[in-house]
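Single-structure report; data block below.
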Amino acid sequence: MKFVDEFRDAELGRAVAAEILAAVEPGRHYKIMEVCGGHTHSIYKYGVDDLLPANVELVHGPGCPVCVIPMGRVDDGISLAHQPGVIFTCFGDMMRVPGSSQSLLDAKAQGADIRIVYSPLDALRIAKQNPGREVVFFAIGFETTAPSTALTLRRAKAESVANFSVMCSHVTIVPPLRALLESPDLRLDGFIGPGHVATIVGARPFQFLPDQYSKPVAISGFEPLDLLQSVLMVLRQLAEGRAEVENQYARVVPWEGNLRALEIMSEVFALRPHFEWRGLGFISQSALRISDAYAEWDAEERFSVPGVRVADPKACQCGEVLKGVIKPWECKVFGTACTPERPIGTCMVSPEGACAAYYNYGRFAREREVA
Amino acid sequence: MSACLAAYGCITCGDEAISMQVLRVDCTRGLALCCDPAGERCSVEIALVEPVAPGEMLLVHAGTALGREAPGTPLGREAPGTALGREAPGTALTREAPN
């Protein structure tokens, strides 16, 4: 498969792994955070971590958009879904995310009209097919997903689709990275930057990591060789005393990003003053709301939304996992009370969640982590 | 492409995006018929990457093309002057590059 097979060459992977081994200082422990949940998924799917020296530790960051949605926000969505006449649409992964008393899947079982869509454009099509019903799209995701929602709202406005609205829970990646770096309980040596987010925002927004925190960054693709090469790039920067933003994913990521997407996003969205992140608390200017020009299509303006803050279950340690403070298997309920089939925390729901990635690819054993 | 494809994780969620090849372009509707690596076809919104032509590779997420995928290999030849291009000749990333 073009652009796939060549990035999964095992022999080349072993060669890069040998260079990684040569690049590390014996006795030094390296902690490199992969920001994006897609990277976490790839690392465990392909066993990338097994090719790394024991003193290179990959820390899983807050880049899974499902995992960072707080419980109260899920409750808000469920509340909307239960309103008479509403068709509630969302991405598949949101269905099993636990709210305080039920999930969207439970609400659907109780009779709420909840439909899984692949794209927000599918939700708009449902609205046009059901002019007598209110269709709400539960928008989640980072800058990767936000342009799709923005384009959909533009189409809704252009075509005057009045029975369509969006509950906007899009988040942005830079503010939580700053929050993590300010956290006293986490020491990181470098970052593997989120390749798909960077396709939209470019590599430039990550320049603050070397400039303000002296941390090297490699914007990375998602295939095994992409990830191995990115680890090598970060380690070489550390070995040479450099801290820069390097673009390993240059076949896709332009330095300036997708300017057309950024323009459309700035028209359709505005920054929220603050937004609650699961495990990280409230972070200033870290999420998007619908702009005033599109307020007519804002579900939070159209409907009454409870907006109640709900604390996470005590047994769940998603917050520590999202901050990279603990590994998934260190959570008290990992693989026992909390499994992908019956998740307690959001990190076990999405395949991009660190807990689900560990669970699905058999990373139960502490021995692997400390070997 | 209406369901999750296990090979890519859940494509309805978050930051998963896949390479798709453009088969046909409908400029009037701003859509392109694209084909994923598994051979499955779907219509893709191309407003963010227009103009596109059949044969081009696009990075697609949630039904929307986010960018173009330039021809490349993991061996460093595609990006002289970028981080890849700075890899010293003779490393694993460059010495095996077919031209």
- line: Simple spin-label estimate for A:Arg133/A:Ala293, 7 Å along Cα→Cβ, in nm, reads 3.1
task: Would you tell me the mean number of C-beta atoms belonging to other protein chains that fall within 10 Å of each C-beta in A:139-147, as a whole number?
output: 4
message: With angles folded into 0 to 90 degrees, how steeply does helix A:120-129 sit against the dominant principal axis of chain A? Use alpha carbons for both and round to 10.
response: 20
- prompt: Rounded if a/c is under 1.5, else prolate if a/b is larger than b/c, else oblate: which is the stretch A:23-131, with a ≥ b ≥ c the root eigenvalues of its Cα gyration tensor?
  reply: prolate
message: Using all alpha carbons of chain A, what is the percent of pairwise distances in each 10 Å bin, ordered from the shortest bin to the longest?
response: 5, 24, 32, 24, 11, 3, 0
field: Amide H within-cut-off set for A:Gln248, under 5 Å, with H built and near neighbours excluded
entry: A:Ile219
query: Working out 0.36 nm times the residue gap between A:Asn55 and A:Leu21, then minus their Cα-Cα distance, what length gain in nm do you get to one decimal?
result: 11.3 nm
field: the stretch A:292-348: GluC sites (Glu not before Pro) in DSSP coil with no more than 12 other Cβ atoms inside 10 Å
entry: A:Glu341
- request: Using label points projected 7 Å from each Cα along Cα→Cβ, tell me how many nm separate A:Ser284 and A:Ser100, to one decimal.
  value: 2.8
task: Would you work out which of A:Gly345, A:Ala261, A:Pro210 lies farthest towards the positive end of the dipole of the protein assembly as shown? Charges go on Cβ: Lys and Arg +1, Asp and Glu -1.
output: A:Gly345
statement: Across chain A, qualifying lysine pairs (alpha carbons under 25 Å, at least 8 places apart or different chains) come out at 17
message: Using 0.36 nm times the number of residues separating A:Ala311 and A:Asp211, minus their current alpha carbon distance, what extension gain do you get?
response: 32.5 nm
- request: Of the DSSP beta bridges with both residues in the stretch A:18-138, give the percent that are antiparallel, rounding to the nearest 5.
  value: 0
Size of charge dipole - the stretch A:5-73 - debye, nearest 20, with Cβ of Lys, Arg +1 and Asp, Glu -1, no other charges: 400
- prompt: Looking at the stretch A:132-234, which chymotrypsin sites (Phe, Trp or Tyr not before Pro) are in a loop (DSSP not H, G, I, E or B) and have at most 14 other Cβ atoms within 10 Å?
  reply: none
- prompt: Roughly how tilted is helix A:146-158, in degrees to the nearest 10 and between 0 and 90, from the longest Cα axis of chain A?
  reply: 20
- prompt: For A:Phe137, which sequence-distant residues (separation of 5 or more, or a different chain) have an amide H within less than 5 Å of its own amide H, given hydrogens modelled in the peptide plane?
  reply: A:Thr89, A:Ser165, A:Val166, A:Met167
query: In what sequence do A:Cys338, A:Cys64 fall when counting other Cβ within 10 Å, fewest first?
result: A:Cys338, A:Cys64
field: Where labels lie 7 Å past Cα in the beta-carbon direction, separation of A:Leu259 and B:Asp26 in nm
entry: 3.0
- line: Cβ density ranking, 10 Å radius, fewest first, applied to A:Met348, A:Met94 yields A:Met94, A:Met348
- request: State, to one decimal in nm², a quarter of the convex hull surface area for the C-alpha atoms of the stretch A:168-311, i.e. the direction-averaged projected area.
  value: 10.5
query: Once a ≥ b ≥ c are taken as the square roots of the eigenvalues of the Cα gyration tensor of the stretch A:238-319, is the result rounded (a/c under 1.5), prolate (a/b larger than b/c) or oblate (a/b not larger than b/c)?
result: oblate
field: Sparsely packed GluC sites (Glu not before Pro) within the stretch A:96-172, loop by DSSP, other Cβ within 10 Å at most 13
entry: A:Glu159
message: Given a Förster distance of 41 Å, report the FRET efficiency between A:Ala109 and B:Ala53 from their Cβ-Cβ distance, rounded to the nearest 0.05.
response: 0.30
field: Using alpha-carbon coordinates, inclination of helix A:37-46 to the longest axis of chain A, degrees
entry: 50
task: Give the distance, in whole Å, between the Cα centre of the stretch A:281-322 and the Cα centre of the stretch A:104-157.
output: 17
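Bear in mind these aren't lab numbers, they're just calculated from the coordinates by the rules spelled out. For clarity, every value in this text was computed on a predicted model and none was experimentally measured. With ideal geometry, Cβ positions are generated from the backbone for all residues, glycine too; neighbour counts draw on all protein chains shown.
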